[in-house]
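J.: I'd like to ask some things about the structure below.
What follows draws every value from the coordinates through simple rules; no lab data is involved. Everything numeric in this text was worked out from a predicted model, so none of it was measured. Please note: Cβ atoms are built from the backbone with ideal geometry, for glycine as well, and neighbour counts cover all protein chains shown.
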Amino acid sequence: MPWVNFMKIKIAYFGRDTDFLNNTGEGIQRYGYELYNNLKENKNLDINVLSSKTVYSYVKDSFLNDFGKYDLIHITNFRLLSPKRRSKSVLLITAHDFQPILYPEFSYNPNNSSINEKLWFILVKVGLKRELKVADYLICNSTQTKDEAIKLGFDSKKVFITNLGIDNRFRKPIKNNKNKRNFTVGYLGAMRKRKNLEFAIKAANIIKNQNINFYIWGKKEHEYEFIRSIAKNKNIKFKGFAPEEKIVSIYDSFDAFVFPSYHEGQGLPILEAQSRELPVIIYKYGKIPKEIRKYCFEAESPEHMAQIIEDLKENGYNEKLSKKATEYARSFTGEKCARETLEVYKKVLK
């Protein structure tokens, strides 16, 4: 199909209702929200969001909806079911990572995981494998995810990269009202085995300086009880779920950010923290895309992470490095992601 300015391309964004909300605290949902809101006014596109609120309606929509009237179906998040096509419409799927297939050891702790968690892991693996079979094209959120898709057999000529972007909240001015005496190290994210939060807690346990605090923000899920049980430093505080409207101010309350994940499809919290001028410490051997880890401090061990934190407390964050990291992080925008996605639409519909 030629791409011409006077022809409106009919696109269906297909998924659950939560896939296009910006208040869930989940980066993938914000991606769907930002993508739709940045493209919905484009005069060449006629975008319909087909979102289901229940499992029943989702299954019904997958098999009974008339997708034949669309030129392109874009699934922005992982699906157990893809829509049944009755036409030559193009099926484009955004792949955020293939960790459950390639690195299942990062998925859950077999000693403290429920049957539901293990069952969900199995379903996710099945769904991701199905994505590779049914998709005409893939959008990957990083070079690493693209390499994973190709490793699993997907045609490299049908894979595109569009990095997720931080939204405009993270580019607003920073108010410097931090306590000069105390130094706060923060984590904000999920409490799952893949996030390797145990690494950061062990680093915190090593540090004896009582002016260094550790604030852990996240829902009480998966590894929460285990993480609490190994937290021996009294300066470690578990702050609970981070409300979406407070996320920027939470980042701004930190002096350093730790994100020791074993595996990230992209690693949006790294960019969010850096956009707020924070030094970010990751696990050196974690699988973080090269374009995201570019300005991170890389800790080889909990002892090494503790040393980096103490050095930052003592000597501060190098101003030149801070400026480079902040400018780089802020170059990843929702608008840029939408522009690059539009270019993908043009290529796959030719």
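J.: Could you line up Glu244, Glu327 from fewest to most neighbouring Cβ atoms inside 10 Å?
T.: Fewest-to-most ranking of Glu244, Glu327: Glu327, Glu244.
J.: Another question, then. Which whole-Hz ³J(HN,Hα) couplings does the stretch 235-245 yield from phi under the Karplus relation 6.51 cos²θ - 1.76 cosθ + 1.60, θ = phi - 60°, glycine and proline marked x?
T.: Karplus-based 3J(HN,Hα) across the stretch 235-245 equals 7, 8, 10, 8, 9, x, 5, 8, x, 4, 6 Hz.
J.: Looking only at the stretch 115-141, which residues have a backbone nitrogen under 16 Å from a spot 7 Å from the Cα of Asp147 in the C-beta direction?
T.: Under cut-off, by backbone N: 140-141.
J.: Also: Given a cut-off of 25 Å, name the pairs among Lys158/Lys193; Lys175/Lys323; Lys172/Lys320; Lys246/Lys290; Lys151/Lys324; Lys129/Lys219 whose C-alpha atoms lie farther apart than that in the structure shown.
T.: The pairs that break the limit, which is 25 Å between Cα atoms, are Lys158/Lys193; Lys246/Lys290; Lys151/Lys324; Lys129/Lys219.
J.: Next up: Each residue of the stretch 324-334 in order: what ³J(HN,Hα) in whole Hz does its phi give by Karplus 6.51 cos²θ - 1.76 cosθ + 1.60, θ = phi - 60°, with x for Gly and Pro?
T.: Listing the rounded values in order: 4, 5, 5, 4, 5, 4, 6, 7, 8, 10, x Hz.
J.: On C-alpha positions alone, give me the angle between the axis of helix 115-134 and the longest principal axis of the chain, in degrees, nearest 10.
T.: Result, in degrees: 50.
J.: How would you classify the stretch 168-330 from its alpha-carbon gyration tensor, with a ≥ b ≥ c the square roots of the eigenvalues: rounded for a/c under 1.5, else prolate if a/b is greater than b/c, otherwise oblate?
T.: In terms of gyration-tensor shape, rounded.
J.: For a quick check: with amide H placed at 1.01 Å from N, whose amide H comes under 5 Å from Phe183's, ignoring anything fewer than 5 positions away on the same chain?
T.: Ile212, Asn213
J.: Sum -39500 (n - 2.57) across every DSSP H segment of at least 4 residues in the chain, then divide by the residue count to get the 222 nm mean residue ellipticity, nearest 500.
T.: -11000 deg cm²/dmol
J.: For the chain, modelled as a Gaussian network with Cα springs under 10 Å, which listed residue fluctuates most, Leu164, Leu102, Leu268?
T.: For the chain, modelled as a Gaussian network with Cα springs under 10 Å, the answer is Leu102.
J.: Okay, next question. Using only Cα atoms, tell me the angle between helix 302-315 and the longest principal axis of the chain; keep it within 0 to 90° and round to the nearest 10.
T.: 70 degrees
J.: While we're looking at this one, here's another question. Give me the one-decimal nm value for the distance between modelled label points at Lys350 and Phe63, 7 Å along each residue's Cα-to-Cβ direction.
T.: 3.9 nm
J.: Using the number of other C-beta atoms within 10 angstrom as an exposure proxy, rank Arg339, Arg79, Arg330 with the fewest first.
T.: With the sparsest Cβ surroundings first, the list reads Arg339, Arg330, Arg79.
J.: If you average the alpha carbon positions of the stretch 40-111 and of the stretch 131-184, how far apart do those two centres end up, in angstrom?
T.: The two parts, judged by their Cα centres, are 18 Å apart.
J.: Continuing with the same structure: Can you give the net charge of the other residues whose Cβ lies under 13 Å from the Cβ of Tyr295, counting K and R as +1 and D and E as -1?
T.: For residues surrounding Tyr295, the net value is +3.
J.: Ordered by residue, what ³J(HN,Hα) values in Hz, to whole numbers, does the stretch 163-175 give under the Karplus form 6.51 cos²θ - 1.76 cosθ + 1.60, where θ = phi - 60° and Gly and Pro are x?
T.: Along the stretch 163-175, the couplings run 5, 5, x, 7, 8, 5, 4, 7, 9, 6, x, 9, 8 Hz.
J.: I've got another one for you. Once the Cα atoms of helix 55-64 and of the chain are each reduced to a long axis, what angle between those two axes, in degrees from 0 to 90 to the nearest 10, is obtained?
T.: Orientation of helix 55-64: about 30 degrees from the principal axis.
J.: If the cut-off is 18 Å between C-alpha atoms, which lysines fall inside it for Lys232, apart from same-chain ones fewer than 8 positions away?
T.: Lys202, Lys208
J.: Can you list residues from other chains, or at least 5 along the same chain, whose modelled amide H is less than 5 Å from the amide H of Ile139?
T.: Sorted by chain and number, the residues that satisfy this are Ile93, Thr94, Ala95, Phe160.
J.: Return the distance in nm (one decimal) between the two label points of a simple spin-label model at Lys246 and Glu225, each offset 7 Å from Cα along Cα→Cβ.
T.: For Lys246 paired with Glu225, the spin-label model returns 2.6 nm.
J.: Follow-up question, since we're still on this one. As a footprinting exposure proxy, order Leu39, Leu21 by other Cβ within 10 Å, with the fewest listed first.
T.: If I rank by nearby Cβ atoms, fewest first, I get Leu21, Leu39.
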